[in-house]
Amino acid sequence: MIIVQDKLVSDDLVEQQFVCNLSACKGACCWEGDYGAPLEEAELPVLESIFEKVKLFLSPAGIAAIEAQGKFVRVEQEEEWATTLVDNGPCAYMTLDALGIARCGIEQAWKAGAIDFQKPISCHLYPVRVEKNEQLGFEALNYHEWDICAAACELGKKEQVPVYRFVKDAIIRKYGQEFYDELDGAATFLKGGG
């Protein structure tokens, strides 16, 4: 375990390699799983405020699910908020491109300049999951290993990209450049380069 600015960082973020291989998995993380993408409390009003602009980038089924269930749902067993699902399947914000690859409608709206919110941070950070215990003042970054990402692990090994480097932009977005630089320095040291 590495400690960076009072956050616990799993060694797996440094030791495991990962590069998304969308041509192989087709973005299965957007439709697999028991519930939608975890959301931070601060993201809830954002999803409310951007929905009308994002709606233009969503599928009819996604729009219908959001209009019926809400822009996000409470997952009681996890005690957190998550994105809405279409019939307990894909994320309601997911669309498919011409090649059948999952794309985030929120991110497509962001890329088009319609909104200034890229996508939920849990999606941006994936395969890193953040675990919080506010009572203990505890926050940990863990690598979420999932069989649907086997091709990403293979590509990461081939290209020699550690998990934390794959999610560099997301880590900087959530924790800042200084945090990333400290993590990178600790990783370099652990690998014998410091």
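General observations
- Listing Ser122, Ser49, Ser23 from fewest to most neighbouring C-beta atoms within 10 Å gives Ser23, Ser49, Ser122.
- In segment 27-110, the C-alpha radius of gyration followed by the widest Cα-Cα span (Dmax) gives 11.9, 36 angstrom.
- Inter-centroid distance (Cα atoms) of segment 71-103 relative to segment 131-194, Å: 24 Å
- Histogram of C-alpha separations across the chain, 10 Å bin width, %: 9, 34, 35, 19, 3, 0
- Using θ = phi - 60° in the Karplus curve 6.51 cos²θ - 1.76 cosθ + 1.60, the 3J(HN,Hα) couplings for segment 105-111 round to x, 5, 5, 5, 5, 5, 4 Hz; x is entered for Gly and Pro.
- Axis of helix 60-69 versus longest Cα principal axis of the chain: the two differ by about 90°, to the nearest ten degrees.
None of the figures in this text is laboratory data; all of them are computed from the coordinates on show. Just so it is clear, the structure is predicted and the values come from calculations on it, not from any experiment. Every residue, glycine as well, gets a Cβ built from its backbone with ideal geometry; the counts of neighbours run over all protein chains shown.
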